[in-house]
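The values are calculated or read from the model by the stated rules, or taken from the named source; none is laboratory data. None of these values were measured; they are calculated from a predicted model. Cβ atoms come from the backbone with ideal geometry, glycine included; neighbour counts cover every protein chain shown.
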Amino acid sequence: MLIGHQQPDFLLAVEGLTVSFDGFKAVNDLSFYVEENEIRVIIGPNGAGKTTVLDLICGKTKATAGAIHFRGKDLTKMKENQIVQAGVGRKFQTPSIYEDLTVFENLEISYPQGRSVFGALSFQRTPAVRERVEEVAEAIFLKDKLGMSADLLSHGQKQWLEIGMLLIQDPDLLMLDEPVAGMSVSERIKTAELLHTIIKDRSVLVIEHDMKFVEDIAHKVTVLHQGQILSEGTMETVKNDPKVIEVYLGH
Amino acid sequence: MESPRFLSRTDLLGLAVLALLLVVILPLSLDVFRLNLVAKYLTYAFVALGLVLCWGFGGILSLGQGVFFGLGGYCMAMYLKLEASSVENTKIQSTPGIPDFMDWNQITHIPWFWQPFHSLTLTVIAILVVPAVFAFLIGAAMFKRRVGGVYFAIITQAIAAIMTILIIGQQGYTGGINGITDLRTLKGWDIRPDHAKVVLYFVEVAFLFGCILLALFVRHSKLGRILVAMREKEDRVRFSGYSVANFKIFAFCLAAMFAAVGGAMFTLNVGFMSPSFVGIVPSIEMVIYTAVGGRLSIFGAVYGALLVNFAKTSLSESFPQLWLFGLGALFIAVVLIFPNGLAGIWRDYVQPLFAKLLDRRKPGPGHNGGTLGPVADGAPAE
């Protein structure tokens, strides 16, 4: 049986992935591979199934058919928290943080330790934890807001906090859904800088509309259209693909 | 960033004030009859304490805590009943040596599930383990399937109804609607006279403080913060790498165990156990105690249980028909006007008043420390 085996170079292998909502195939027989330390950007018009692909990988949506292999594990058979523990981190489109907790507590909860019930009971705020939280807070420009309740942050700061929560998880595969959406110009520049530092030494899967940003970071671009791959390759190749110009870039 | 200590200054103050009230003021000012009533009220404080953790922090509303209260209470009652049903005490029965209600129902031998309750050790274990296992089964069945919110509340309520029907229906094994009555001694020590009531009161207060300390520990641990996070954004907690179901099961089991300890103390202090403390109405009343006390406040739970029960006794002594309306009005008032209950009123109105008074006495830089300290401390928690 060779089916399901993939070359070991691939960190993530998505094969024949299909999901159908009441007969509508949001993602249709999709296959793509992400290598270690690769930065892959997924673009495509609205409704192309970009967010659904991330939902499928992180376990939020269950696949109808197909397989997602991450380091030899089939993610389609795992629960959300197991997928996180396997090393996949996800940032949602709208900032998704714990507003009743402080910035410090938000980051601390994301610290990858004490994730079982009794682990959480006996979890200690050791100097190592505190140091790491402060380090991440500094990177996400929130060092002076650690004690602040997270609901008092601005929209952009909430986005940063969520990026920080991912950063402290230290995932091998980082998935970002429109990380600069809804940000002011100055926040955008700062975020781009931040993303440049955190995408080092890991594989990243990004959904983004900002073409300048995409061109700047992408190793490879996948263009989705109606749940299928329209084109894949470097930004240069994709940009000159007549099919892509037709459905997406030309508009 | 200071790490949250297991016992903050506010907690220590809360413990001291509560200890002063329960250990000194009430025993000195009340006669044994009233003190025994307080002991009865306090048994509900255990349940309310569990609900603060499970409902207030974790967002899991259980309308069936009476089930666990009853399980604890019945375990205790079964032990006491077996001890009271010695051959000598029951020699007028057609089968001496078995509980009276079994004899009335033509049962001639003690059924298997009563056997462990000959031993006090096994009884104490059962008081804690039986409700925990039952809560675990319910929790695992519901939370693993991601049943939550209103659906969970309705199911727990249905379980409370089923439990009552079961107890009433199986009269020969459970004592039916009358419950298990005529309890006399615990290891030969008579629980009925006045001095025993006083001792039992203090034992109960000691257990209550044990449970409060445990609740404070859980609340200040990372698990406490995960519960708060879960109440707000359950899905997000999964993507932080936690199994939401396991944390909910834990909170629900702990609440069940607290309720069971309360139930067992109820049986000891009041001297009987019956299905009227198990069903839907008592279960909802328990939620009201928690809501009145402030569902986010561990100490509020105790005061809520005390005050509502005190009001219940005094109102139903003078106007028996009015009590239920009073209770309903109280619940509506809490939901509409004081969503954080007594603890909220304390935090929003009384504490700032104190802070203002203190500030007036020592003006200057103390201003910020005095008002912001407790508020910032309580903001994420309460």
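Checking the structure you have, find out if any residue of segment B:8-16 is of a type in the set (A, V, I, L, M) and either touching a strand residue (DSSP E or B) at 6+ places or on another chain (Cβ under 9 Å) or crowded, with 18+ Cβ neighbours inside 10 Å (or both). Don't jump to the end; show me each part of the working.
Step one: of segment B:8-16, the residues of a type in the set (A, V, I, L, M) are B:12-13, B:15-16.
Add one more test, that the residue is either touching a strand residue (DSSP E or B) at 6+ places or on another chain (Cβ under 9 Å) or crowded, with 18+ Cβ neighbours inside 10 Å (or both), and what stays is none.
No: zero hits.
What number of residues within segment A:17-38 satisfy the criterion of being out of contact with any strand residue (DSSP E or B) (no Cβ under 8 Å at 6 or more places or on another chain) and either part of a strand (DSSP E or B) or of a type in the set (K, R) (or both)?
The qualifying residues number 2.
Conditions tested, residue by residue: (1) surrounded by 18 or more Cβ atoms within 10 Å (Cβ to Cβ); (2) over 30 Å from B:I288 (Cα atoms); (3) not polar (S, T, N, Q).
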| site | (1), (2), (3) |
| --- | --- |
| B:V23 | no, no, yes |
| B:A39 | yes, no, yes |
| B:T43 | yes, no, no |
| B:G72 | yes, no, yes |
| B:L82 | yes, yes, yes |
| B:K91 | no, yes, yes |
| B:P111 | no, yes, yes |
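Among the residues that make up segment B:120-129, is at least one of them outside any helix (DSSP H, G or I), closer than 30 Å to B:V23 by Cα and not hydrophobic (A, V, I, L, M, F, W, C)? Spell out the reasoning first.
Initially, segment B:120-129 is screened for residues outside any helix (DSSP H, G or I), giving none.
Checked against the condition, which is being outside any helix (DSSP H, G or I), closer than 30 Å to B:V23 by Cα and not hydrophobic (A, V, I, L, M, F, W, C), segment B:120-129 yields no hits at all.
Pairs under 9 Å by beta carbon, first residue closer than 10 Å to B:F299 by Cα in segment B:7-20, partner surrounded by fewer than 13 Cβ atoms within 10 Å (Cβ to Cβ) and not aromatic (F, W, Y), six or more apart or different chains?
B:D11/B:R5
Which residue is surrounded by the fewest Cβ atoms within 10 Å (Cβ to Cβ), if the candidates are limited to segment A:183-221 and must be touching a Gly at 6+ places or on another chain (Cβ under 8 Å) and under 30 Å from A:K25 (Cα atoms)?
A:K220
So which pairs qualify, if the first residue must be in segment A:126-137 and without any contact (Cβ under 8 Å) to a residue 12 or more places away in the chain, the second must be of a type in the set (A, V, I, L, M) and part of a helix (DSSP H, G or I), the Cβ gap must be under 9 Å, and the two must be at least 6 apart or on different chains?
A:E135/A:I168
Report yes if some residue within segment B:256-263 is facing chain A (nearest Cβ under 7 Å), in a helix (DSSP H, G or I), aliphatic (A, V, I, L, M) and touching a Pro at 6+ places or on another chain (Cβ under 8 Å); otherwise report no.
Taking segment B:256-263 first, the residues facing chain A (nearest Cβ under 7 Å) are none.
Looking for residues that are facing chain A (nearest Cβ under 7 Å), in a helix (DSSP H, G or I), aliphatic (A, V, I, L, M) and touching a Pro at 6+ places or on another chain (Cβ under 8 Å), one finds none in segment B:256-263, hence no.
Residues being touching a strand residue (DSSP E or B) at 6+ places or on another chain (Cβ under 9 Å) and of a type in the set (D, E, K, R): count how many of those fall in segment B:165-200.
Qualifying residue count for the region: 2.
I'm trying to understand the selection: among the residues of segment A:60-86, which are crowded, with 19+ Cβ neighbours inside 10 Å, under 24 Å from A:P179 (Cβ atoms) and more than 8 Å from chain B (Cβ to nearest Cβ)?
A:I68, A:F70, A:L75, A:I83
Would you mind listing the helices (runs of 4 or more DSSP H) fully within segment B:161-234 where at least 2 residues are within 14 Å of chain A (Cβ to nearest Cβ)? It would help to see each step written out before you state the result.
Numbers: elements: B:171-174, B:194-220, B:222-232.
Ranges flagged: B:194-220, B:222-232.
Scan segment A:129-176 residue by residue and report those that are away from every other protein chain (no Cβ under 12 Å) and touching a strand residue (DSSP E or B) at 6+ places or on another chain (Cβ under 9 Å).
Within segment A:129-176, A:Q159, A:I163, A:L167, A:D172, A:L173, A:L174, A:L176 qualify.
Report yes if B:P380 is under 26 Å from B:G224 (Cβ atoms), within 32 Å of the chain's Cα centre (by Cα) and either modelled with pLDDT under 75 or within 14 Å of chain A (Cβ to nearest Cβ) (or both), otherwise no. Steps first, answer last, please.
Values: under 26 Å from B:G224 (Cβ atoms): yes; within 32 Å of the chain's Cα centre (by Cα): yes; either modelled with pLDDT under 75 or within 14 Å of chain A (Cβ to nearest Cβ) (or both): yes.
Criteria met by B:P380.
Tell me, yes or no, whether segment B:53-71 has at least one residue that is in a helix (DSSP H, G or I), farther than 24 Å from B:I167 by Cα and either at pLDDT below 90 or touching a Phe, Trp or Tyr at 6+ places or on another chain (Cβ under 9 Å) (or both).
Narrowing segment B:53-71 to residues in a helix (DSSP H, G or I): B:53-57, B:65-71.
Then drop every residue that is not farther than 24 Å from B:I167 by Cα, which leaves B:53-57.
Restricting the remaining residues to those that are either at pLDDT below 90 or touching a Phe, Trp or Tyr at 6+ places or on another chain (Cβ under 9 Å) (or both) gives B:53-54.
The answer is yes; a qualifying residue exists.
Only residues in segment A:87-107 that are closer than 20 Å to A:Q124 by Cβ and more than 7 Å from chain B (Cβ to nearest Cβ) count as the first member; pair them with residues that are assigned to a loop (DSSP other than H, G, I, E, B) and of a type outside the set (A, V, I, L, M), Cβ under 7 angstrom, at least 6 apart or cross-chain, and list the lot.
A:N106/A:Y98
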